[in-house]
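Asks: Here's a structure for you.
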Amino acid sequence: MEHKVLVVGGGGRCHAIVDALSRSPKVGKIYCAPGNAGIAAQAECVPIKDTAVDELRDFALSHAVDLTVVGPEAALAAGIADVFKEAGLRIFGPSKAAAVIESSKDFAKRLMAKYDIPTAAFRTFEDYGEALEYVRGGSFPTVLKYDGLAAGKGVIIAENLAQAEEALKDMLLDDKFGKGRVVVEEFLTGPEFSFMCFVDGEKVWPMTVSQDHKRAFEGDKGPNTGGMGAYSPVPLVTDDDIEFSLEKIMKPVAAGMVAEGRTFKGVLYGGLMKTPAGVKVIEFNCRFGDPETEVVLPRLESDIYDVFSAVADGTPMPELKWSQKAALGFVMASEGYPGSYGKGYPISGLEDAQALGDIRIFHMGTAVKDGEYVTAGGRVLMVVGFGDDLKSAREHALKAVDCIKCDSLFYRKDIGWRVI
Ligand code: AMP
Ligand code: GLY
């Protein structure tokens, strides 16, 4: 039987989810809300916002959607899984109560403290004066995290007291991100990696590991972004590291969520750091990573419809098989990103890039104007190359990037620098 699937979201991550679903013989029709111009080649895009959960539920009911898969955290934090379940609809994604593991840094830190999960030491503050006093007495750099969703902009690494003061002012006095609290954290060092797992209550199935590049410019310089490129697998993460991360981090956290009455179903994303004192948690997300998904899901050889169904229904999980091929992708972003940027610049050469073979181009923020793709977001395209190893995947992806012409795009040439 061919099923109808609705994918909620519209960036590169959702394009990769749609792409993976389109490889399943069990999937007939794919809808994506709202989708984007690139996704439209593989799914029927529906103009409903990802956070308009009631409208999405009504759409799923009226179109006999068999399964809904949620990309962005905003939809999950808005309670989409709860609303769909209430209506008897099958959905892949955690409840609002479980999504707090991402939306509240303070919740995540307290959970980790309670269940003995390795992470940076921390304290949470509501009061500007107390926070400043504490930071004044500590060492630098220090890490300040706004306790709530801040679109990736709520984390400041303060090198000195002046920077910390300014950040605390923004977060606690001027309420730049809204009324909230601040988690002050010990500064950790070491390479970061992304460990995404399918989770159904206490059951945890690991995906292959990937690594994102958060800073805007080469050499890991410039402001933090949503991510400028990724690759998978990650050779500097050993089998022992993965075993430790699974047994001492992901499984106890999943079990802890059940014990807290916040049973998690969906993708639990561990943003982990390999510090000199072992692997520690930097953050948890309640959904697939972006751009990590764009290099991880193309390597999944199992039928993803079965995987999503196993989590959504609590039925047996098929074996997760991963391709031996390495994947490495470059994000092409609008000049100015993550600050302000222009839109509507024509993009050409996509077909030439695709024609190289062993390339996937995921659209992150594009639109169509006069029959032509144009830029429509900060992150615009994720160009992923595949190869026998990361080096050849990288060289191949670079050839594809070279084919793509646009007056307003930049990318980091050094994706994979830690391992190549
Ligand atoms: P987060 O949103 O919590 O993932 O933080 C964004 C980025 O800030 C992370 O990917 C890290 O590069 C950096 N970061 C966050 N927490 C720490 C920490 N405790 N020590 C060092 N770097 C951190
Ligand atoms: N790439 C980081 C994230 O998805 O949060």
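The values are calculated or read from the model by the stated rules, or taken from the named source; none is laboratory data. What you see is a predicted model; the values in this text were computed from it and never measured. Quick reminder, even Gly has a Cβ in these numbers, built from the backbone with ideal geometry, and neighbours come from all protein chains shown.
Asks: Being within 27 Å of T189 (Cβ to Cβ), surrounded by fewer than 17 Cβ atoms within 10 Å (Cβ to Cβ), over 17 Å from the mean Cα position of the chain (by Cα) and away from ligand 1 (no atom under 15 Å from the Cβ), is that true of even one residue in the range 86-106?
Replies: The answer is no, given that none of the residues of the range 86-106 is within 27 Å of T189 (Cβ to Cβ), surrounded by fewer than 17 Cβ atoms within 10 Å (Cβ to Cβ), over 17 Å from the mean Cα position of the chain (by Cα) and away from ligand 1 (no atom under 15 Å from the Cβ).
Asks: Looking at the range 281-323, which of its residues are among the hydroxyl-bearing types (S, T, Y) and under 11 Å from the mean Cα position of the chain (by Cα)?
Replies: Within the range 281-323, just T293 meets the criteria.
Asks: Here's another thing I want to ask about it. Across the range 404-420, which residue is farthest from the chain's Cα centre (by Cα) among those that are assigned to a loop (DSSP other than H, G, I, E, B) and among the aromatic types (F, W, Y)?
Replies: Taking the candidates together, the pick is W417.
Asks: I would also like to ask the following. Restricting to the range 339-391, name every residue that is in contact with a strand residue (DSSP E or B) (Cβ under 6 Å, 6 or more places away or on another chain) and in a loop (DSSP other than H, G, I, E, B).
Replies: Y341, K343, G344, Y345, I347, G349, D358, M364, G365, A376, G378, D389
Asks: Still on this structure, I have one more. Looking at the range 171-194, which of the residues that are crowded, with 17+ Cβ neighbours inside 10 Å and more than 13 Å from ligand 1 (Cβ to nearest atom) is farthest from V281 (Cα to Cα)?
Replies: Selected residue: L172.
Asks: Specify the residue that is surrounded by the fewest Cβ atoms within 10 Å (Cβ to Cβ); the eligible residues are those in the range 195-222 that are within 15 Å of ligand 1 (Cβ to nearest atom) and of a type in the set (G, A, S).
Replies: By that ranking, first place goes to G219.
Asks: For the range 107-159, give me each residue that is more than 12 Å from ligand 1 (Cβ to nearest atom) and on the phi > 0 side of the Ramachandran plot.
Replies: Across the range 107-159, the qualifying residue is only D116.
Asks: Further question: Return the residue satisfying two criteria in turn: it lies in the range 290-303 and is surrounded by fewer than 24 Cβ atoms within 10 Å (Cβ to Cβ) and either among the β-branched types (V, I, T) or under 20 Å from A393 (Cβ atoms) (or both), and of such residues it is farthest from ligand 1 (Cβ to nearest atom).
Replies: Top of the filtered list is E301.
Asks: Against the conditions (1) within 16 Å of ligand 1 (Cβ to nearest atom); (2) among the basic types (K, R); (3) not in a strand (DSSP E or B), where does K280 fall short? Just the number, please.
Replies: For K280, the exception is condition (3).
Asks: Could you please tell me which pairs satisfy a Cβ distance under 9 Å, a separation of 6+ or placement on different chains, a first residue in the range 270-294 that is closer than 15 Å to C14 by Cβ and among the hydrophobic types (A, V, I, L, M, F, W, C), and a second residue that is part of a strand (DSSP E or B) and more than 9 Å from ligand 1 (Cβ to nearest atom)?
Replies: Partner pairs satisfying both residue conditions: F288/M196; F288/G266; F288/V267; F288/Y269.
Asks: Working only within the range 23-67, note down all residues that are over 27 Å from Y373 (Cβ atoms) and β-branched (V, I, T).
Replies: Across the range 23-67, the qualifying residues are V53, V65.
Asks: Taking the range 267-310 as the region of interest, how many residues are among the small types (G, A, S) and away from ligand 2 (no atom under 12 Å from the Cβ)?
Replies: Number satisfying all stated conditions: 5.
Asks: Of the conditions (1) within 12 Å of the chain's Cα centre (by Cα); (2) modelled with pLDDT under 95, M196 satisfies every one except a single condition; which number is it?
Replies: Of (1) within 12 Å of the chain's Cα centre (by Cα); (2) modelled with pLDDT under 95, only one is false for M196: (2).
Asks: Could you give every pair whose Cβ atoms fall below 8 Å, whose first residue belongs to the range 232-254 and is free of Cβ contacts under 8 Å to residues at least 12 places away in the same chain, and whose second residue is among the charged types (D, E, K, R), counting only separations of at least 6 or pairs across chains?
Replies: Final answer for the pair search is none.
Asks: Provide a single number: the residues in the range 223-277 that are crowded, with 21+ Cβ neighbours inside 10 Å, within 16 Å of ligand 1 (Cβ to nearest atom) and of a type in the set (S, T, N, Q).
Replies: 2
Asks: Then there is this: Six or more apart or on different chains, Cβ atoms under 8 Å: show the pairs whose first residue is in the range 119-142 and under 12 Å from V182 (Cα atoms) and whose second is part of a loop (DSSP other than H, G, I, E, B) and within 16 Å of ligand 2 (Cβ to nearest atom).
Replies: Matching pairs, first to second residue: none at all.
Asks: Ok, one more. Mind checking which residues of the range 218-237 are within 19 Å of the chain's Cα centre (by Cα) and in a strand (DSSP E or B)?
Replies: P223, N224, G229, A230, Y231, S232
Asks: Scan the range 309-320 and tell me whether some residue there is of a type in the set (S, T, N, Q), out of contact with any helix residue (DSSP H, G or I) (no Cβ under 8 Å at 6 or more places or on another chain) and within 20 Å of A20 (Cβ to Cβ).
Replies: Yes: one or more hits.
Asks: Which members of the range 172-220 meet the condition of being over 23 Å from F140 (Cα atoms), out of contact with any Ser or Thr (no Cβ under 6 Å at 6 or more places or on another chain) and of a type in the set (V, I, T)?
Replies: The answer is V199, V204, V209.
Asks: Right, something else. Does V258 meet the test of being farther than 13 Å from F198 by Cα and in a loop (DSSP other than H, G, I, E, B)?
Replies: Taking the combined requirement at face value, the residue does not satisfy it.
Asks: Within the range 320-338, restricting attention to residues that are in contact with a Gly (Cβ under 9 Å, 6 or more places away or on another chain) and part of a loop (DSSP other than H, G, I, E, B), which residue is nearest to A400 (Cα to Cα)?
Replies: Only one residue tops the list, namely K325.
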